[in-house]
Amino acid sequence: MKDIKEILKERILILDGAMGTMLQRYKFTEEDFRGERFKDWEHPLQGNNDLLSLTQPEAIEEIHRKYFAAGADIVETNTFSGTTIAMADYYMEDLVYELNYESARIAKKVADEFTKKEPNKPRFVAGSIGPTNKTASMSPDVNDPGYRAVSFDELRIAYKQQVEALLDGGSDLLLVETIFDTLNAKAALFAIEEVKEERNIDVPIMVSGTITDASGRTLSGQTAEAFLISISHIPILSVGFNCALGASQLVPHLEVLSTKSEHAVSAHPNAGLPNAFGEYDETPEQMAEQIKEYAEKGLVNIVGGCCGTTPEHITAIAKIVENFAPRQF
């Protein structure tokens, strides 16, 4: 199979769209989240999307299949909250290894099916590593600016466990994404380097930050360039942005990355900004038209979608960028 680095030089690769948006379509109830295995769990489980890899694996498989059929080259595992830190909300810290392993295994099974059907278009699985619900460089307490809810070491240990399970389950890449606090990301990247060293392996790493406001900074206060510099000491495959803003608002920040980075550049924005009901209104055509600008300007190597995007969005994006050359790096 061709190395992903080679493919990135030949064409723009397509990442999948939102897992959560697709899961909402199933309208799963508390009982569905629990399944048979967790029917007597003492705490509410609705909303724990990662758990669905164990209780509703057919749905997860079906979503991956839809994204690959829509044109995705890479799908993300259903593990955005797959650390002990995030799973503590559901008292499910002990399930972290299994959740990540099973999520990666399901995605890999579907990827292999598609690769077998189309050997000239190999499909990849990116182990999704989310930011956790705690921040290492800022205080959650306005009255105590020095307080930290989590330490670098706690994050490193949690991420290491997640990384090991994602790799054991068959992930081809690791995607540290939706980074709002660069210190959290550095803990994840440190953990990945530890695992690579211990196992004597090399695994491609995608890093994707999130710009949280119109000033063009991450939540921990960094500009696109500062964010890039902060992670540049780690050997990575790609750097980019996802989530927060709509596709067109990301252009200036992608221009910075494209100019300053020697890595591939990725972008998977939301389908616009949420409306009053928390829903995303941007149609596949509207979103694809904005992403076309990335391709026309030669800014990207990987594009996909975040919140509010569906297989329909991915199909439209794939169609619009297929005639453009990828950014040279």
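The values are calculated or read from the model by the stated rules, or taken from the named source; none is laboratory data. Please read all numbers here as calculations on a predicted model, not as lab measurements. Reconstructed Cβ throughout: ideal geometry from the backbone, glycine too, with neighbour counts over all protein chains shown.
So here's what we get for this one:
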quantity: Single residue of segment 200-232 satisfying the filter (outside any loop (DSSP other than H, G, I, E, B) and of a type in the set (G, A, S)) that is nearest to the chain's Cα centre (by Cα); calculated: S208
quantity: Residue ID - surrounded by the fewest Cβ atoms within 10 Å (Cβ to Cβ), chosen from residues in segment 271-295 that are of a type in the set (G, A, S) and either modelled with pLDDT of 95 or more or under 20 Å from I12 (Cα atoms) (or both); calculated: A295
quantity: Residue that is buried (at least 19 other Cβ atoms within 10 Å of the Cβ), at pLDDT 95 or above and in contact with a Lys or Arg (Cβ under 7 Å, 6 or more places away or on another chain), where the choices are L45, L51, L8; calculated: L45
quantity: Matching residues, segment 309-329, being in a loop (DSSP other than H, G, I, E, B) and at pLDDT 95 or above; calculated: T309, T310, E322, F324, A325, P326, R327
quantity: Within segment 163-189, tally of residues that are in contact (Cβ under 8 Å) with a residue 60 or more places away in the chain and in contact with a strand residue (DSSP E or B) (Cβ under 6 Å, 6 or more places away or on another chain); calculated: 7
quantity: Any hit, segment 118-125, residues being under 20 Å from E177 (Cβ atoms) and of a type in the set (A, V, I, L, M); calculated: yes
quantity: Residue within segment 222-244 that is of a type in the set (S, T, N, Q) and in contact with a Leu (Cβ under 7 Å, 6 or more places away or on another chain) present; calculated: no
quantity: Top-ranked residue in segment 257-270 [being in contact with a helix residue (DSSP H, G or I) (Cβ under 7 Å, 6 or more places away or on another chain) and in a strand (DSSP E or B); ranked as surrounded by the most Cβ atoms within 10 Å (Cβ to Cβ)]; calculated: P269
quantity: Identity of the residue in segment 11-26, of a type in the set (A, V, I, L, M) and under 17 Å from the mean Cα position of the chain (by Cα), that ends up surrounded by the most Cβ atoms within 10 Å (Cβ to Cβ); calculated: L15
quantity: Filtered residue count, segment 225-266, keeping only those that are closer than 18 Å to R327 by Cα and among the aliphatic types (A, V, I, L, M); calculated: 12
quantity: Selection count, segment 235-251, where residues are outside any strand (DSSP E or B) and over 12 Å from I302 (Cβ atoms); calculated: 7
quantity: First in segment 135-151 and at pLDDT 85 or above, second anywhere and crowded, with 17+ Cβ neighbours inside 10 Å and not in a loop (DSSP other than H, G, I, E, B), Cβ under 8 Å, 6 or more apart; calculated: T135/L183; T135/N184; A136/L155; A136/L183; A136/N184; A136/A187; V150/I85
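One line per residue, one yes/no per condition, for (1) in contact (Cβ under 8 Å) with a residue 40 or more places away in the chain; (2) among the hydrophobic types (A, V, I, L, M, F, W, C); (3) in contact with a Cys (Cβ under 8 Å, 6 or more places away or on another chain); (4) within 30 Å of A318 (Cα to Cα):
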| site | (1), (2), (3), (4) |
| --- | --- |
| F33 | no, yes, no, no |
| R37 | no, no, no, no |
| N49 | no, no, no, yes |
| I60 | yes, yes, no, yes |
| A70 | yes, yes, no, yes |
| T84 | yes, no, no, no |
| M92 | yes, yes, no, no |
